[in-house]
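These notes concern the structure reproduced below.
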Amino acid sequence: MKKYFSACPYFTQRQIHHILKETRSMLRGDSKLSMGEAVVRFENEFAAYCKANNAIATNSCTSALDVVFKALELKHNDEVIVPTQTFFANASSVLANNIRLRLVDVDKDFMLSAHTIESAITPQTKAIVIVHFAGLISPDIFAIATLCKQRHITLIEDCSHAHGAIAIDSKGKSHKAGSIGDIAVFSFYSTKILTCGEGGMIVCKNKDFAFTCRSLANRGLKPYEEQEQFITLGSNYRLPEFSAIMGLSGLAALESQLAYRQKLSLAYKQYLHTFIKNKTISPQAIPSGFRHSFWRFIIFLHKHSPDNIIKYLKSYHIYADAPYKPLLHKQPLLANHPLVSYVPSTQPTIENHISLPIHMGIKLKDVRFITSKLKEAFNE
């Protein structure tokens, strides 16, 4: 019986052929195994895709975050605002650099609002991480960017879910994820829309900041110098050449992947229309003109327990899940950590979501099957 995973990597035969061809060439000694041309090409092409000035490849998004917080050179009493509904690395990278972490709630669509951020800002706030959860950019992204600029706060976009996502500003201009804030980080983990197996990318506007990040990610070496000159205490966060070859192949196919995910999302909404209409469930609300990348297809359950629904679907090999539970402020390490504070809102984050399978391995007939079993679960 077919297994329906929530997120899954996918390569076409054409991509596989290209990756194997480039890999064979590398293994024959035609190109470097590390610190070669593939990584440079991947950085340049990814920066161009995001319409960004600079891109620095790393071996994971966690590494990218660690480099960013090192490069910002924040002090011990400085703090970073992070949504409580996100992956643990957004918290651990802050704490690993001995910086204060201020956790805040997200809204009903798991988005950070400008109001929530403004209420949480203190004189010690030096950076804000906004997460484009599941592939959707917050409708308040431009208000948040303006607020950060006014307060001299660095805005960091976590685009781990949002390769190719688009937001539209008040003038009707489109902006890709990673081009709005001061800095952005991306993940190329195995389940992501664009994958290298493992990998990450730092994207930023400031050339000097990019220079510092590039040094920190390569053991502290001065970039672009033939002779070894160590200028800071860095680490080896380099992306291997093979990973970059996979990344280049995925980047070339990204737009077609996004179009297919859009098609699947529309099918889900069509088959679940009755349950959306009677408010049994609700999908994330997408602002007009915005492009959701649909790394995950999230639905919020208003009348059923996520655990019960997930269990029922699993009996049919449908592996829905609920990222990320528990919330960060409930994690054992963070709940009583001296550097962590949690700012509860009047409407605390509700963990009533599940993620339905959406990726290149899911067909339209699969969506029909998955939604039929979901309807059965609702009637249990």
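What is the residue count in segment 339-352 for residues that are assigned to a loop (DSSP other than H, G, I, E, B) and touching a strand residue (DSSP E or B) at 6+ places or on another chain (Cβ under 9 Å)?
Here is the first cut: in segment 339-352, the residues assigned to a loop (DSSP other than H, G, I, E, B) are 339, 344-352.
Still in the list and also touching a strand residue (DSSP E or B) at 6+ places or on another chain (Cβ under 9 Å): 339, 344-345, 349-350, 352.
Looking only at that region, the number is 6.
Restricted to segment 289-330, and to residues that are free of Cβ contacts under 8 Å to residues at least 24 places away in the same chain and hydroxyl-bearing (Ser, Thr, Tyr), which residue is nearest to THR84 (Cα to Cα)?
Going through the qualifying residues, I end up with SER305.
Taking GLY289, is it of a type outside the set (Val, Ile, Thr) and at positive phi?
Working: of a type outside the set (Val, Ile, Thr): yes; at positive phi: yes.
It is true that GLY289 is of a type outside the set (Val, Ile, Thr) and at positive phi.
Could you grab me the full set of residues in segment 228-277 that are more than 26 Å from THR212 (Cβ to Cβ) and of a type in the set (Gly, Ala, Ser)?
Listed by number, the residues that qualify are SER249, GLY250, ALA252, ALA253, SER256, ALA259, SER265, ALA267.
List every residue pair whose Cβ atoms lie under 9 Å apart, where the two residues are 6 or more positions apart in sequence or sit on different chains, the first residue falls within segment 200-225 and is under 27 Å from GLY164 (Cβ atoms) and modelled with pLDDT under 95, and the second residue, located anywhere, is polar (S, T, N, Q) and in a loop (DSSP other than H, G, I, E, B).
Short answer, once both residue conditions are applied: LYS205/ASN53; LYS205/SER179.
Are any residues in segment 181-208 over 20 Å from SER256 (Cα atoms), in contact with a helix residue (DSSP H, G or I) (Cβ under 6 Å, 6 or more places away or on another chain) and either part of a helix (DSSP H, G or I) or of a type outside the set (A, V, I, L, M, F, W, C) (or both), and if so, which ones?
Correct list: GLY199, GLY200.
Just to be sure I understand, how many residues within segment 88-104 are in contact with a strand residue (DSSP E or B) (Cβ under 8 Å, 6 or more places away or on another chain) and assigned to a loop (DSSP other than H, G, I, E, B)?
Qualifying residue count for the region: 1.
Answer with yes or no whether LYS303 is among the basic types (Lys, Arg) and on the phi > 0 side of the Ramachandran plot.
Numbers: among the basic types (Lys, Arg): yes; on the phi > 0 side of the Ramachandran plot: no.
The answer is no for LYS303.
Return the only residue of LEU266, LEU254, LEU239 being surrounded by fewer than 22 Cβ atoms within 10 Å (Cβ to Cβ), of a type outside the set (S, T, N, Q), out of contact with any Lys or Arg (no Cβ under 8 Å at 6 or more places or on another chain) and touching a residue at least 24 places away in the same chain (Cβ under 8 Å).
Sole residue among the options that is surrounded by fewer than 22 Cβ atoms within 10 Å (Cβ to Cβ), of a type outside the set (S, T, N, Q), out of contact with any Lys or Arg (no Cβ under 8 Å at 6 or more places or on another chain) and touching a residue at least 24 places away in the same chain (Cβ under 8 Å): LEU254.
Run down SER265, SER249 and say which single residue is part of a helix (DSSP H, G or I), under 30 Å from ALA38 (Cβ atoms), over 18 Å from the mean Cα position of the chain (by Cα) and of a type outside the set (D, E, K, R).
Going through SER265, SER249 in turn, the sole match is SER249.
In segment 270-311, what residues are of a type in the set (Lys, Arg), touching a Phe, Trp or Tyr at 6+ places or on another chain (Cβ under 9 Å) and either surrounded by fewer than 18 Cβ atoms within 10 Å (Cβ to Cβ) or outside any loop (DSSP other than H, G, I, E, B) (or both)? Show your work before the answer.
Taking segment 270-311 and keeping what is of a type in the set (Lys, Arg), we get 277, 279, 291, 296, 303, 311.
Narrowing further to those that are touching a Phe, Trp or Tyr at 6+ places or on another chain (Cβ under 9 Å): 296, 303.
Within segment 270-311, just LYS303 meets the criteria.
Restricting the first residue to segment 98-113 and requiring it to be touching a residue at least 40 places away in the same chain (Cβ under 8 Å), which pairs with a second residue that is charged (D, E, K, R) meet a Cβ separation below 6 Å and a spacing of at least six or different chains?
ILE99/ASP78; ARG100/GLU79; ARG102/GLU79
Restricting to segment 210-241, and then to whatever is out of contact with any helix residue (DSSP H, G or I) (no Cβ under 6 Å at 6 or more places or on another chain) and assigned to a helix (DSSP H, G or I), can you tell me which residue is nearest to GLN15 (Cα to Cα)?
ARG214
Considering only residues that are buried (at least 18 other Cβ atoms within 10 Å of the Cβ) and within 22 Å of the chain's Cα centre (by Cα), which ones fall in segment 343-380?
Within segment 343-380, THR349, HIS353, ILE354, SER355, LEU356, PRO357, ILE358, HIS359, ILE362 meet the criteria.
Sort out which residues of segment 61-118 are crowded, with 19+ Cβ neighbours inside 10 Å and of a type in the set (Ser, Thr, Tyr), and write them in order of number.
THR62, SER63, THR84, THR86, SER93, SER113, THR116
Would you mention how many residues in segment 1-44 are of a type outside the set (A, V, I, L, M) and either assigned to a helix (DSSP H, G or I) or more than 28 Å from the chain's Cα centre (by Cα) (or both)?
20
The values are calculated or read from the model by the stated rules, or taken from the named source; none is laboratory data. What you see is a predicted model, and the numbers here were worked out from it, not measured in a lab. Note that each Cβ is placed from the backbone with ideal geometry, even for glycine, and that neighbours are counted across all protein chains shown.
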